[in-house]
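Below is one structure, written out as structure tokens; comments come after it.
The values are calculated or read from the model by the stated rules, or taken from the named source; none is laboratory data. Keep in mind the model is a prediction, meaning the values are calculated, not measured. Backbone-built Cβ (ideal geometry, glycine too); neighbour counts: all protein chains shown. Ligands, DNA and RNA are stripped out before the accessible areas are found, and what is left, the full protein with its side chains, is counted by its heavy atoms. Shrake-Rupley method; radii C 1.70, N 1.55, O 1.52, S 1.80 Å.
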Amino acid sequence: MTSDTAAATSQRAEGSKLKQAITGPLLYLFILGDVLGAGIYALMGTLSKDVGGALWAPLVLALLLALLTAGSYAELVTKYPKAGGAAVFAERAYRTPIVSFLVGFSMLAAGVTSAAGLSLAFAGDYLGTFVDLPPVPTAIVFLALIACLNARGISDSLKSNVVMTIIEVSGLVIVIVVVAVMLGGGGGDVSRIGSFPAEANPALATLSAAIVAYYSFVGFETSANIAEEVREPRRVYPKALFGALATAGVVYVLVALASSIALPASELSKSSGPLLAVVSASGVPIPDWVFSLIALVAVANGALLTMIMASRVTYGMAEQRLLPAVLSRVLPNRKTPWTAIVATTVVAMLLTLVGDVGTLAETVVLLLLFVFISTNVAVLVLRRDEVEHDHFRVWTFVPVLGVASCILLLTQQSGQVWLYAALLLAVGVVLYFIARVTGRRSGRDHEAGVIR
């Protein structure tokens, strides 16, 4: 690092109210924990419906597409290390309140939808190892419990994230190891890893499945919110971001290969706990309850963190009068945003009525694709904005390809998924204008009171 860069970094640190305590390894684990989340525990069966045994193909494609947008995040985060993510990037680039609002609300809606999908995954075969309960009512009760924990005040720390990441990764390592043992003993069928369904076009099937696979890689964008607390973000952030995505890609491909070797696609596609089915099929004497417990911890942690994020984003937008002010109310003792927690939980509960994890995952991806298009375009627009400190600069063709890749994935979404996303965004637009009207009214009332 040059002396000019060091001086800029030092100046940024001195001007910040936050402590720069996040080192490169901690940031790497933070991003890896976000990316290596609960999605892979639920979606392998969904992928097998489209690509049969070639589960690795859509995961590799999804990784390549995610890396394009990650390049844009690397530039903007190191350029604006105090920025709060995609909504702030949009505000800087477009100077249009409704656009930055929709970008922020898309992130919020994606989080709530993701929590709904994770709650259904929690209520599936993994929980079925312990008790047999109807999925949708169980998912709704699960979300209510998550809301109670959220309202009590959940302190999310990097240390707890490291622990949860280790638990999540341990489950995936178990899948890879037991299938390797199975293969060494003469079991499994390696020929399945290249077999697509007989009626499918391999290229189109891979592209279609990449929409769901993309869900397994989203999560890296949340790291933009902690940029101000990272030491030397210019040097650290790109390495941690790309390193975490590459690590996740390798783990996912190995899990995909193991799943295809252990079970035919027809069996994987029927299970809401596909990785549990893989471990059971391996013949390695690992009790079902052990792996199910790991999977439930991963899924529950993912849902909890997602709902904490969604409720805090809702609260923050209400504080900025971008959402109705009622959503900014907090519990007097706990100091937690209870109205935001209730609102986001109710929406997530309603979304569980969809009943299909794959459809909810596609809806999350659709919403985030709009966010990613905004971020990729913002990189190009903000090239005119010079900053004093050195920062990562991505090749110009990368954000261009990032926009193209997002548009390509948008064309593969079903009408049903577009409908769900449109309804969520329509609710957001209505809330935005309600907030604008009530904000103006309260402002006039305040001015009148001052005059009197």
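Return the FRET efficiency for the residue pair S266, A426: r is the Cβ-Cβ distance, R0 is 45 Å, and the value is rounded to the nearest 0.05.
Details: r = 39 Å, r/R0 = 0.86.
With R0 = 45 Å, the Cβ-Cβ based efficiency is 0.70.
Assuming R0 = 51 Å, what is the FRET efficiency of R384 and S170, from their Cβ-Cβ distance, to the nearest 0.05?
Values: r = 47 Å, r/R0 = 0.92.
Efficiency, rounded to the nearest 0.05: 0.60.
Please report Rg (one decimal) and Dmax (integer) in Å for the Cα set of segment 187-239.
Spelled out, the Cα radius of gyration and Dmax of segment 187-239 are 19.0, 52 Å.
Give the shape of segment 169-257 as rounded, prolate or oblate, defined through the alpha-carbon gyration tensor: a ≥ b ≥ c are the square roots of its eigenvalues, a/c under 1.5 means rounded, and otherwise the shape is prolate if a/b is larger than b/c and oblate if not.
On the way: a/c = 3.62, a/b = 1.67, b/c = 2.17.
In terms of gyration-tensor shape, oblate.
Need one number: nm distance between label points at S195 and I98, each 7 Å from Cα along Cα→Cβ, rounded to one decimal.
Reported label-point gap for S195 and I98 is 5.3 nm.
I'd like the carbon and sulfur percentage of the solvent accessible area for segment 246-401, probe radius 1.4 Å, heavy atoms only, ligands and nucleic acids excluded.
Values: 4220 of 6510 Å².
Summing carbon and sulfur atoms, their accessible area is 65 percent of the total for segment 246-401.
Which GluC sites (Glu not before Pro) in segment 359-390 sit in a loop by DSSP (not H, G, I, E or B) and have at most 10 other Cβ atoms within 10 Å of their own Cβ?
E386, E388
If Lys and Arg each add +1 and Asp and Glu each add -1, what is the summed charge of the other residues whose beta carbon sits under 14 Å from the beta carbon of I261?
Numbers: positive: R192; negative: D189, E267.
Taking every other residue near I261 into account, the sum is -1.
Have a look at the chain and give its Rg and Dmax from the Cα atoms, expressed in angstrom.
Rg and Dmax of the chain, Cα atoms, are 22.3, 88 Å.
Where in the chain lies the longest segment free of chymotrypsin sites (Phe, Trp or Tyr not before Pro) that are both loop residues by DSSP (not H, G, I, E, B) and have at most 12 other Cβ atoms within 10 Å? Don't jump to the answer; show the numbers that get you there.
Values: sites that count: F130, W395.
For chymotrypsin sites (Phe, Trp or Tyr not before Pro) (loop position, at most 12 other Cβ atoms within 10 Å), the longest site-free span of the chain is 131-394.
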